[in-house]
Amino acid sequence: MPDCPEDRQHTGFGAAPAINSISAVTLATHNMGHAVRFYRSLGFSLRYGGVDSAFTSFSVGSSYLNLIGQPEDRQWSWWGRIVFYVSDVDALYESAVANSLDPDSTPRDAEWGERYFHLTDPDGHQLSFAKRLTSPT
């Protein structure tokens, strides 16, 4: 990335520090039990908390997906989606359907070179499960 004078202005010195990775994404839930069961049925590995906790964390590779309980009167709107890379998109799709989940789409190949499907969690957060194709379609 080219050196940009605006970057130096934001930090007050030289180049801006590098951002290396996303450590965690935290999603709000109105029903921790329902949300934990949903993510566990997809194969997420529980790291901390659980159905009776106010905060729960799942391991996702070297990162985490966190859930935080919120009161029913706390509302949120659509903000985007989280994309998870998986080893086998079609197998995860079949597993989701076998676990009585209702994916938003069937697996498909995208022009940008990924195979993916979308699934919305119980609190309305859109998830995408994808795998890079060897060559774009």
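Laboratory data are not the source of any read-out in this text; all were calculated from the coordinates shown. Keep in mind that this is a model prediction, so the values were computed, not measured. Every residue, glycine among them, receives a Cβ derived from its backbone with ideal geometry; neighbour counts consider all protein chains shown.
If you take the residues in region 26-75 that are touching an Asp or Glu at 6+ places or on another chain (Cβ under 8 Å) and aromatic (Phe, Trp, Tyr), which one is farthest from ASP102 (Cα to Cα)?
At the first step, the residues of region 26-75 found to be touching an Asp or Glu at 6+ places or on another chain (Cβ under 8 Å) are 27-33, 35, 38-39.
Those left that are additionally aromatic (Phe, Trp, Tyr): 38-39.
Working: PHE38: 11, TYR39: 13 Å.
Only one residue tops the list, namely TYR39.
Taking region 60-91 as the range and being under 10 Å from ALA130 (Cα atoms) and either assigned to a loop (DSSP other than H, G, I, E, B) or in contact (Cβ under 8 Å) with a residue 40 or more places away in the chain (or both) as the test, the residues that pass are VAL83, PHE84, TYR85, VAL86, SER87, ASP88, VAL89. PHE84: in contact with a helix residue (DSSP H, G or I) (Cβ under 6 Å, 6 or more places away or on another chain) and crowded, with 16+ Cβ neighbours inside 10 Å, yes or no? No. Just one of the listed residues (ASP104, ASP123) is under 16 Å from the mean Cα position of the chain (by Cα) and surrounded by 14 or more Cβ atoms within 10 Å (Cβ to Cβ), namely ASP123. Looking across region 101-137, the residues that are polar (S, T, N, Q) and without any contact (Cβ under 8 Å) to a residue 24 or more places away in the chain come down to SER105, THR106, THR120, THR134, SER135.
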